[in-house]
Each structure stands twice: as C-alpha cells, then as structure tokens.
Amino acid sequence: MPASEFSLIDRYFAAHGLHRADVALGIGDDCALLVPHPGQQLVVTMDTLVANVHFFANADPEGLGHKALAVNLSDLAAMGATPAWATLALTLPRADEDWLERFCRGLFALADRYQVQLVGGDTTHGPVTTITIQAHGFVPPGLALRRDGAQPGDSIYITGTPGDAGLALAAAFGKANIAADDHAYIQGRLDRPEPRLAQGVALRGIASAAVDTSDGLAQDLGHILERSRVGARVEVDRLPLSPALIASLDRDAAIITALAGGDDYELCFAVPLERAGQLEGMAADWECRCTHIGVITAEPGLQLVRADGSAFRLERSGYDHFG
C-alpha cells in the first residue's frame, strides 16, 4: 500500500533525534510551541527550491537536503544570527521513499551540525518537486547585520572564492570544461554550499552592512548599495578566484563568473576603515578566505575596475527569477 502523508512525516521527519530545550512541542500537532530566547531578536528567513529551476530533477537527493537548509542558514549568517529552528514544506510528484531517505540524510546532517531542529511543515503531492524551508535564529538587539549601514570609505570584503558554483552550472550546460581533478570540488561548491555562520556572528559590531551572495556578487552587493544609498568601486583583479576556476576559463570569463555566476552563498560585507585591522586579524583564523575587494563610495552605482584603473565591462550582474 502506498505510504500516506502522515506515515512519511512520522518515518522521515518526526523521528529525528535532535531536541532543543527551546522547543516545547515540535512535529506532530497543528503547530509547534517554541520558547523565544529572552533578550534576543528573532530572525526569520525562507527560501524555495523548484525542480528544473533551482536544481536538476535528477539531482542527488542528499545534496538537495543539504542545500535546501544551507541556503536558509546563509541568510541567517548574513544577518549575524545563530540558527535555532526550521520548518519544511515539501511537494513531491510521488512518495519515493529512497529519495526521502537520502534527502533527509543530507538535511539532518547539516541541521545537526548547527543544532537546528525541524519543528513542523507540510508534505503534499504536486507536479514537480518543490522544497521550501523557513529558518529561525537569534541575534542580540542592535547587533544584526543589515544592508543599510554602509558608509563611504568602508572597505568591501568577500568570503571564500566566488564563481565556483557558477562554473559548475556553466559546465552542466556545456559552456565550460572542468579538469577531472577539479570536478568534485566544483560540483560540491554548487551542491553543498557552506553557510558562513561563524563568520556572520564574528562580524557583529564590526561590519557596517552585509549580504549573502545567492544571486551573484555584483547583484547582491548592489542590494547593499541601494539600501545604504551609496556606491562602490570594486577592483576585479582582487577577486579571490579558485585554481579550478582559473584553470577552466580565460581570465575575463573567470572574473565575470565570479561577479555574476550566483549560487555561491558567500558573505559580502562592508567594514569601516577603523575596524579593518580588527577584521583582518580575526579573519586570519577563519577556515575560509576573506578578501578585500574594494571600497564604498559616495557616488552611486557600482564601478568595476582593473588593477590599472581601466573599466571592466559586465553585461549582467546576476540571476533574476523573472528576468
């Protein structure tokens, strides 16, 4: 007999062993009962992944479970929040129990790493696989990282190596060739992004503005510029390109991919000049790179320049769902 919605919930989601003290009632009732942390602000985000829009329909379910949660945790990281809870709305064309088992393996492996408890959601039948996760976290009042605090003279930084996920997408569509030795690394950067949660928390009180690079570095930095009513000058030759990206594309194509490729889920942030030394000393101990790539300007707009000061042309700044 086909599995019912409730048997799937009981078997794959409700039975998971992580139980946080701030969850009075989790999966199994009409609603969860949660205990907000005293003296903390609640931070809430939600992302949806749709088959054949955000991932290939035959994508590895374990990687999908990881990524569906990771993209939400990346939003929390961009706000400087510590994660706590998540809800999941899952639409499936059929009740494929092997797919569910592997999906949950990836989802809960990442959830356990960051002590995130799944506290509810919904499971439905539909024409395409759709995964929606809402994540909740906490941040001390006044310390949330926002997009609207950048000031002229602030230094601009990026974590990690942008462009790797964009390279994986380009290769999937036959627009790039990746060396066999680099394939696993590049595919992992697309399928299993690492949310920069420790970096987000460390940036409290240091960064003046921050954003995660889900749609492309240039486009997402543009959100900071718009909200802060400032501009920026980015030196494209400073971009921290991975050896795999450099080996796979010519220099200009690699820079364009780093600026507009999307799906990197790194943190781009601004830091006042007087705190730059503190930031760089702290970042020396991070497990990911942290690179100074430019400066916030009073003049609106994003200027992209080479090391010699000449302009670098970018046809598109990133991903647009309706573009």
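The values are calculated or read from the model by the stated rules, or taken from the named source; none is laboratory data. These numbers were taken from a predicted model, which means no experiment stands behind them. Here Cβ is always computed from backbone atoms with ideal geometry, including for glycine, and neighbour counts include all displayed protein chains. Note: areas computed on protein heavy atoms with side chains; ligands, DNA, RNA excluded. Shrake-Rupley method; radii C 1.70, N 1.55, O 1.52, S 1.80 Å.
So here's what we get for this one:
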item	result
Test: residue in segment 266-274 that is over 24 Å from GLY153 (Cβ atoms) and either open to solvent by less than 30 Å² (accessible area, probe 1.4 Å) or in contact with a helix residue (DSSP H, G or I) (Cβ under 8 Å, 6 or more places away or on another chain) (or both)	no
Candidates LEU167, LEU190 - the one that is touching a Leu at 6+ places or on another chain (Cβ under 8 Å), open to solvent by 10 Å² or more (accessible area, probe 1.4 Å) and part of a helix (DSSP H, G or I)	LEU190
Test set (1) over 30 Å from PHE173 (Cβ atoms); (2) open to solvent by 60 Å² or more (accessible area, probe 1.4 Å) - GLY26 fails condition number	(2)
All positions within segment 201-257 that are within 19 Å of CYS288 (Cα to Cα), among the basic types (Lys, Arg) and part of a helix (DSSP H, G or I)	ARG238
Qualifying residue in segment 116-134 (condition: within 17 Å of the chain's Cα centre (by Cα) and open to solvent by 30 Å² or more (accessible area, probe 1.4 Å))	yes
Scope segment 75-113; condition part of a loop (DSSP other than H, G, I, E, B) and either open to solvent by 60 Å² or more (accessible area, probe 1.4 Å) or over 25 Å from GLN40 (Cα atoms) (or both); matching residues	MET79, PRO93, ARG94, ALA95, ASP96
Candidate set: segment 29-43, residues that are surrounded by fewer than 14 Cβ atoms within 10 Å (Cβ to Cβ) and outside any loop (DSSP other than H, G, I, E, B); chosen: the one modelled with the highest pLDDT	LEU33
So THR87, is it under 25 Å from ARG196 (Cβ atoms) and out of contact with any helix residue (DSSP H, G or I) (no Cβ under 8 Å at 6 or more places or on another chain)	yes
Test: residue in segment 44-55 that is of a type outside the set (A, V, I, L, M), more than 14 Å from THR130 (Cβ to Cβ) and part of a loop (DSSP other than H, G, I, E, B)	no
Total residues in segment 129-164, condition in contact with a Cys (Cβ under 6 Å, 6 or more places away or on another chain) and either of a type in the set (D, E, K, R) or in a loop (DSSP other than H, G, I, E, B) (or both)	1
Residue list for segment 283-300, filter: more than 21 Å from the chain's Cα centre (by Cα), more than 16 Å from GLY149 (Cβ to Cβ) and surrounded by 15 or more Cβ atoms within 10 Å (Cβ to Cβ)	GLY294
Tabulated pairs, segment 39-61, first closer than 18 Å to ASP264 by Cα, second exposed (fewer than 14 other Cβ atoms within 10 Å of the Cβ) and of a type in the set (Gly, Ala, Ser), C-beta under 8 angstrom, 6+ apart or interchain	PHE56/ALA172
Residue count, segment 194-226 (criterion: crowded, with 24+ Cβ neighbours inside 10 Å and closer than 23 Å to GLY106 by Cβ)	6
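Quick grid of which residues meet (1) farther than 30 Å from HIS223 by Cα; (2) of a type in the set (A, V, I, L, M):
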| position | (1), (2) |
| --- | --- |
| ALA57 | yes, yes |
| GLY65 | no, no |
| VAL71 | no, yes |
| PRO83 | no, no |
| LEU90 | no, yes |
| THR132 | no, no |
| GLY137 | no, no |
| ARG146 | no, no |
